[in-house]
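Trainee: Sharing a structure here in C-alpha cells format.
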Amino acid sequence: MQEYKLFIDGEWIESSNGETFDDFNPATLELIARLHKASEDDVRRAADSAEDAFDAWSSTPAPRRAKILFRAARILEERKEELARLMTTEMGKVLKEARGDVQEAIDITYYAAGEGRRLLGETTPSELPDKFCLTVRRPIGVVGLITPWNFPIAIPAWKIMPALISGNTLVFKPASDTPLLSIELVKILTDAGLPRSVLNLVTGEGSAVGGAIVKNRKIRAVSFTGSLETGKWILGEAARDMKRVSLELGGKNPIIVMDDADMDLAIDGVLWGAFGTTGQRCTAASRVIVHEKILPLFQKRLIEKTELLNIGNGLDENVDIGPVINNTQLQKIARYIEIGKEEGAKLVQGGKIIKPLPGYFIEPALFSDVTPDMRIAQEEIFGPVTSLISACDFDEAIKIANSVEYGLSSSIYTKNITNAFRAIEKIEAGITYINAPTIGSEIHLPFGGVKSTGNGTREAGTTAVEEFTELKTAYFDYSGKLQKAQIDTG
Ligand code: NAD
C-alpha cells in the first residue's frame, strides 16, 4: 500500500508529528493509501515556503507562468484515463463522470493558461491634460485553498490554476476522503516545471489543518469550497485578520417542470440532476417542483425510469450510481429518509441501504407529497434523494423555489419563452438552466451562488482571476507640473 507525504518547499516530507490517516475505496472498503497528517507546524512551514517563493513567482511574466500551465494541461490530457480510474477507486463516482471531472481540470488549466496573455486591466481618460490612468491586476500573495471531496480534481484545478496564473503562491489542503487526485495534480504541475515552493500541499483533518491555514497570518486570502457550516466558521475567523475569503457552499437546487414541458426531456433531466454523482453535487436537483396538472403522470414515469438505474462499483461501465463517499454520509442520508417519512412525505421509490454489497450503497430515493417547509425540502442532504413538490402555477413554483436559504443552481422545463425569461429574472440563484438540469456548468462561465451559498464571489469564467487578484490603479502625470484632480479641472 502506497504512503503519501506532504509537499512543502519542493520536497515530499513526513508530517512533523509522524501522524497518518487512511484512505478507503467507498465501493469495496479496501484501504488504498496512507497519508501524512499535517501538524500546525507543517502548515506554518508551508506558508513560510510559499511566502519565500512569492517574489520570484509574482515577478515572472504571466505568459511565462502560462507555459507551465499549458504543459500541465497536456500532461493531464495524457493521463486522463488513469486519473479517472484513480478517482473512481477513491471517491466512487462512475467512470464516465470521473472522466468528466478530469476533463474539467484540463479545461480550466488551458483556460487559465490563456489568461496569462490577458489578465486585463483597463485604461481610461484622465480628467486632466497630459495624464494617463490605468488599472493592473496584482497577485494577493500567499493564498490558502481548501477543497471538498465531491470533485476531487476539478475543484482543486478551478482554484489552483487561476491562482497560479495570477502570480500567487499557495498552501493547498484537499479533503481527507480524496487526497490522491490532488497529490497527482501537484506532481503534474511539478513535472510541468512549476518552481519550487510555489505550491505547497498539506493533507489532514479539516478543523486542524484547514483551521491552521485560515488562522495563519502570512496567508492573505482563503478560497474555500465546502459546507455552509465550515464556510461560516472560516468567514468569522478570517475577519479577525481582514483576510480575503471566497466561499462556494451548499445548495438545495430546484427543477421546475411546467405543464407545457417536454415530459421525457424533463424526466431525463431530473434523473441526471438528482442522482448523477449519487446526488453528491452542490448543484444536485434535490427539489422537483411540478405543475399539479402533470404531477401524477410525471411521478409515475419518473419512478419507472428511476427503477432502471444500475447501482454498483463505478468502475463497471454499466453502472449509473456509485457509492456515497463514507459511512457518515450514508448514515446522514438514511436519517434524512427517516425524517422525510416522519414529516409525512411518501417515500415512493428506493431509499434502502444496499446489503450485502460491502461499500456505502443506497438506492436513489424519491419522495412525493412533500411540502416546501419540510426539512427534506429545506436542508442539503447531499445524497441521491429528491422531493416532488406540487405547484399550481408559475408564480407558486417560483415562490417554492426561492423558499430555501441556498441559491446555487436552478432549472425550469417549459416551452413558454416568457416563463423561461421570467425564471431567469425571478429565481434566487447564481445559475439558471432552461430545459436542462441543474448540473453541467462550463468552465468559461462564472460559477457561484447567492444567499447562503456563498459570499458573492464567482469561480471560473472571466471572473476566475478576480478571486485571486487585487486591482491596482495607476496615474501617470507627464505634464511636468502639479495638477490637482477635481480642482484644476476648470
Ligand atoms: P466540508 O465543509 O466538511 O469540508 C470541505 C473542506 O474543508 C475539506 O477539505 C475539509 O477537510 C475542510 N474543513 C473542514 N472543517 C474545516 C475547518 N474548521 N476549517 C478549515 N477547513 C475545514 O464539506 P464537504 O463535506 O467536504 O463537502 C460537501 C459540501 O461542499 C456540500 O455542502 C456541498 O454543497 C459543498 N460544495 C459546494 C460547491 C460549490 O461550488 N458551491 C462545490 C462542491 C461542494
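Trainee: Give me the net charge for the shell around LYS5: Cβ to Cβ below 11 angstrom, other residues only, Lys and Arg +1, Asp and Glu -1.
Mentor: Working: positive: ARG34, LYS37; negative: GLU3, GLU11, GLU14, ASP42.
Result for the local shell: -2.
Trainee: Between ASP268 and ASP191, how high is the FRET efficiency from 1/(1 + (r/R0)^6) when r is the Cβ-Cβ distance and R₀ = 35 Å? Nearest 0.05.
Mentor: Rounded to the nearest 0.05, the efficiency is 0.30.
Trainee: When the accessible area of the range 323-389 is computed with all protein chains present and a 1.4 Å probe, what percentage of it is carbon and sulfur?
Mentor: 52 percent
Trainee: Which angle from 0 to 90°, rounded to the nearest 10, does the C-alpha axis of helix 228-240 make with the longest principal axis of the chain?
Mentor: Helix 228-240 sits roughly 20 degrees off the main axis of the chain.
Trainee: Hey, another quick one. How far, in degrees from 0 to 90, does helix 154-165 lean away from the longest principal axis of the Cα atoms of the chain, to the nearest 10?
Mentor: Helix 154-165 sits roughly 10 degrees off the main axis of the chain.
Trainee: P(r) for the range 253-434, please, calculated from all Cα pair distances in 5 Å bins and given in %.
Mentor: Bin by bin from 0 Å, the calculated values are 1, 9, 19, 22, 21, 15, 8, 4, 1, 0, 0.
Trainee: Also, quick follow-up: Using a Cα-Cα cut-off of under 21 Å, which lysines could be cross-linked to LYS355, ignoring same-chain neighbours fewer than 8 residues away?
Mentor: Answer for LYS355, where 21 Å is the Cα cut-off: LYS93, LYS332, listed by chain and number.
Trainee: Send over a whole-number figure in Å² for the accessible area per residue of the range 253-434, probe 1.4 Å.
Mentor: Averaged over the residues of the range 253-434, the accessible area is 40 Å².
Trainee: Moving on. Between 0 and 90 degrees, rounded to the nearest ten: what's the tilt of helix 263-275 against the longest Cα principal axis of the chain?
Mentor: Orientation of helix 263-275: about 60 degrees from the principal axis.
Trainee: Taking all protein chains as present, what is the carbon and sulfur share of the accessible area of the range 11-139, in % to the nearest whole number, probe 1.4 Å?
Mentor: 48 percent
Trainee: What FRET efficiency, computed as 1/(1 + (r/R0)^6) with R0 = 51 Å and r the Cβ-Cβ distance, is obtained for LEU297 and ARG85, rounded to the nearest 0.05? List each step's numbers first, then the result.
Mentor: On the way: r = 40 Å, r/R0 = 0.79.
According to the calculation, E is roughly 0.80.
Trainee: Another question, then. Report the FRET efficiency, 1/(1 + (r/R0)^6), for LEU308 and SER16, where r is their Cβ-Cβ distance and R0 is 30 Å, rounded to 0.05.
Mentor: That gives a FRET efficiency of 0.05.
Trainee: Please report the net charge: other residues with Cβ closer than 12 Å to the Cβ of LYS215, K and R +1, D and E -1. Can you show the working numbers first?
Mentor: Working: positive: ARG44, ARG217, LYS218, ARG240, LYS243; negative: GLU40, GLU237, ASP241.
So the environment of LYS215 carries a net charge of +2.
Trainee: How high is the relative contact order of the chain, in percent, with contacts defined as C-alpha pairs under 8 Å that are six or more residues apart?
Mentor: 18 percent
Trainee: Using the structure shown, list the pairs from LYS305/LYS399; LYS131/LYS481; LYS159/LYS243; LYS37/LYS232; LYS159/LYS218; LYS215/LYS472 with a Cα-Cα distance above 22 Å, or answer none. Walk me through the numbers before you get to the answer.
Mentor: Details: LYS305/LYS399 28 Å; LYS131/LYS481 11 Å; LYS159/LYS243 17 Å; LYS37/LYS232 24 Å; LYS159/LYS218 19 Å; LYS215/LYS472 26 Å.
Too far apart for the 22 Å limit: LYS305/LYS399; LYS37/LYS232; LYS215/LYS472.
Trainee: Next up: Multiply the residue gap between THR60 and LYS232 by 0.36 nm, knock off their C-alpha separation, and tell me the result in nm, one decimal place.
Mentor: Length gained between THR60 and LYS232: 58.4 nm.
Trainee: Using 0.36 nm times the number of residues separating ASP477 and THR28, minus their current alpha carbon distance, what extension gain do you get?
Mentor: 154.8 nm
Trainee: What number comes out for the charge environment of GLY204, summing +1 per Lys or Arg and -1 per Asp or Glu over other residues with Cβ under 15 Å away?
Mentor: Computed value for this residue: -3.
Trainee: Run lengths n ≥ 4 of DSSP H only: what is the helix-derived mean residue ellipticity at 222 nm for the chain, with -39500 (n - 2.57) per run over all residues, to the nearest 500? Spell out each step's value before the answer.
Mentor: Numbers: 14 runs with 176 residues, N = 490.
Value at 222 nm, helices only, nearest 500: -11500 deg cm²/dmol.
Trainee: Order these peptides, 125-136, 427-438, by their mean beta-carbon neighbour count within 10 angstrom, highest first.
Mentor: Values: 125-136: 13.5, 427-438: 21.5.
Going from most to least packed, we get 427-438, 125-136.
Trainee: Any lysines with Cα under 16 Å of the LYS346 Cα? List them, leaving off those in the same chain fewer than 8 positions away.
Mentor: LYS300
Trainee: Quick one: Karplus J couplings for the range 388-405, per residue in order, coefficients 6.51, -1.76, 1.60, θ = phi - 60°, nearest Hz, x for Gly and Pro?
Mentor: Here the 3J(HN,Hα) series is 8, 10, 8, 9, 7, 6, 4, 4, 5, 4, 5, 4, 5, 4, 8, 8, 10, 7 Hz.
Trainee: If I model the chain as equal point scatterers sitting on the Cα atoms and use the Debye formula, what is log10 I(q)/I(0) at q = 0.06, 0.08, 0.11, 0.13 Å⁻¹?
Mentor: Taking Cα atoms of the chain as identical point scatterers yields -0.29, -0.51, -0.91, -1.20.
Trainee: Same structure again: Order these peptides, 417-425, 46-54, 441-449, by their mean beta-carbon neighbour count within 10 angstrom, highest first. Numbers along the way, then the final one.
Mentor: On the way: 417-425: 13.9, 46-54: 22.1, 441-449: 18.9.
Per-residue mean Cβ counts within 10 Å order the peptides as 46-54, 441-449, 417-425.
Trainee: Arranged from highest to lowest average of other beta-carbon atoms within 10 Å per residue, in what order do the peptides 472-478, 187-193, 107-113 appear? Don't jump to the answer; show the numbers that get you there.
Mentor: On the way: 472-478: 11.4, 187-193: 17.4, 107-113: 24.6.
Averaged packing, sorted descending, gives the order 107-113, 187-193, 472-478.
Trainee: Per residue, how much accessible surface does the range 189-228 expose to a 1.4 Å probe? Answer in Å², no decimals.
Mentor: Accessible area per residue: 34 Å².
The values are calculated or read from the model by the stated rules, or taken from the named source; none is laboratory data. What you are looking at is a predicted structure, and each value in this text was computed from that prediction instead of being measured. Backbone-built Cβ (ideal geometry, glycine too); neighbour counts: all protein chains shown. Protein only, heavy atoms only, side chains kept; ligands, DNA and RNA dropped before computing areas. Shrake-Rupley method; radii C 1.70, N 1.55, O 1.52, S 1.80 Å.
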